[in-house]
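Quick notes on the structure that follows.
The values are calculated or read from the model by the stated rules, or taken from the named source; none is laboratory data. Small disclaimer: the values here were computed from a predicted structure and weren't measured. Neighbour counts run over all protein chains shown; Cβ positions are idealised from the backbone, glycine included. For the accessible areas, the whole protein counts, side chains as well, though only heavy atoms, and no ligand, DNA or RNA atoms are used. Shrake-Rupley method; radii C 1.70, N 1.55, O 1.52, S 1.80 Å.
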Amino acid sequence: MLTVTGQLRTHNSRTDGIRRLLIFVYALSIKAEDGEPINDVLLDGLICKEPVYRRTPLGREICDVMLAVPRGFHRADYLPCILWGRTAREISQLSIRDGVRITGRLQSRVYTKVTEDGVQERTAYEVSALTAEIIDSD
């Protein structure tokens, strides 16, 4: 088993007129060790798009948030995050430029998208939040 400590980084890619957000793990250290596998992410950032609150067909509350996480040289990484339940409801009330600290895990999920060309299966990569708290963005 490997333990990787580092940063989640993003890059916008355009190919044939299609935009994709690519997510990378920038490894600062890698070491072999024993133990249980874990998938932990901690992000401090600013909301950079209006939160999108909705309910699933089964009634679960969800909020999608795009978080701008600053890094050196006046750059930022833009990470899609998904929040659930009461946390989703609370964070959905925030505005662009509000600060949030999210703990969670990096996940992928397959979903169906209806397009002009028909139904397509796509994969979304995002941080699924376990906890979220409002932080001072100054």
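One line per residue, one yes/no per condition, for (1) touching a residue at least 24 places away in the same chain (Cβ under 8 Å); (2) closer than 20 Å to Arg20 by Cβ; (3) in contact with a Cys (Cβ under 9 Å, 6 or more places away or on another chain):
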{"position": "Leu67", "(1), (2), (3)": "yes, yes, yes"}
{"position": "Phe73", "(1), (2), (3)": "no, no, no"}
{"position": "Leu94", "(1), (2), (3)": "yes, no, no"}
{"position": "Thr123", "(1), (2), (3)": "no, yes, no"}
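Scanning the stretch 45-84 for residues being touching a strand residue (DSSP E or B) at 6+ places or on another chain (Cβ under 8 Å), under 17 Å from Arg9 (Cα atoms) and of a type in the set (Phe, Trp, Tyr) gives a total of 1. Taking first residues from the stretch 1-27 that are within 18 Å of Thr123 (Cβ to Cβ) and partners that are acidic (Asp, Glu) and surrounded by 12 or more Cβ atoms within 10 Å (Cβ to Cβ), the Cβ contacts under 6 Å between residues at least 6 apart in sequence or on separate chains come to Thr10/Asp77. Taken over the stretch 109-124, the criterion of being open to solvent by less than 70 Å² (accessible area, probe 1.4 Å) and not β-branched (Val, Ile, Thr) is satisfied by Gly118, Gln120, Ala124. Taken over the stretch 100-117, the criterion of being farther than 19 Å from Val4 by Cα, polar (S, T, N, Q) and modelled with pLDDT of 90 or more is satisfied by Thr112 alone. Residues in the stretch 20-46 that are under 26 Å from Val100 (Cα atoms) and either open to solvent by 100 Å² or more (accessible area, probe 1.4 Å) or assigned to a loop (DSSP other than H, G, I, E, B) (or both): Arg20, Phe24, Tyr26, Leu28, Ile38, Asn39, Asp40, Leu42. Using the structure shown, decide if Leu79 is open to solvent by less than 70 Å² (accessible area, probe 1.4 Å) and hydrophobic (A, V, I, L, M, F, W, C). Answer is yes for this residue. Selection within the stretch 63-75: residues that are modelled with pLDDT under 95 and at negative phi. The member of this set that is most open to solvent (accessible area, probe 1.4 Å) is Arg75.
Out of the residues in the stretch 1-19 meeting the condition of being over 18 Å from the mean Cα position of the chain (by Cα) and in a strand (DSSP E or B), tell me which one is farthest from Asp98 (Cα to Cα). Among them, the one singled out is Leu2. In the stretch 125-137, the condition of being within 19 Å of Gly6 (Cα to Cα), in contact with a helix residue (DSSP H, G or I) (Cβ under 7 Å, 6 or more places away or on another chain) and either modelled with pLDDT of 95 or more or open to solvent by 70 Å² or more (accessible area, probe 1.4 Å) (or both) is met by at least one residue.
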